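Undergrad: Let me begin by handing over the structure; questions about it come next.
Nothing in this text is a laboratory measurement; each read-out follows from the coordinates by a stated rule. These numbers come from a predicted model, not from an experiment. In this analysis, Cβ positions are derived from the backbone assuming ideal geometry, glycine residues included, and neighbour counts consider all displayed protein chains.
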Amino acid sequence: MRICAVALVGLIALTGCGKKKGGSHDGGLGGFVSGGSGGNDNPASGPTDLPSGLPTDLPSGAPSDVPSYDAPTPSYTYSAPPTYNSDGTNDISASGCDYDESTRSFQYTLNLRNPETQSMHYSITIEWEDQNGGSLLGSDYKSVTVASGSSQTLSATSYRTLTEQTSFTCKVTSALKYPSST
């Protein structure tokens, strides 16, 4: 008999045949009203078994104690390669434009000074020309490396036998310079 009574109370709870709210079932749905007696119409206030000490004033937006991130500064510095004038003719002064009959050679002395802040390699072409007709009588080529701020003397020579009195000129026709790798 007890089992039947418990089953009946469970059936009443499931079907909503208990206490009615306002005399109707509100659209056919049944159930017990909160509070259990007296028809209290106040909504439920929320769970009452929460732990104490929980914060109730949560901040909105981003947390203010998160550090900002700045991109790291590179630990290297870039410096552009030094600039230089590739025309080395201004770095050369010359003297002793001559012809030696005993060795049958044209001669010319070049004084080369490197004004750059780095070691430079020079490629120099020297020519001897006939003053009367402008024809080429001889030429020489020099390739030399000169340290920064240093000077060097070069002797240019071209061998040729002259059979008559000839007036000639000596000149540096090109002097290309570029940074030395050594």
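Undergrad: Sticking with the crude label model, points 7 Å out along Cα→Cβ, report the distance from L136 to S150 in nm, one decimal please.
TA: That separation, rounded to one decimal, is 3.1 nm.
Undergrad: Could you compute the net charge surrounding G149? Neighbours are other residues with a C-beta less than 9 Å from the C-beta of G149; K and R count +1, D and E count -1. Mind dumping the intermediate values first?
TA: Working: positive: R113; negative: E116.
Summing Lys and Arg as +1 and Asp and Glu as -1 gives 0.
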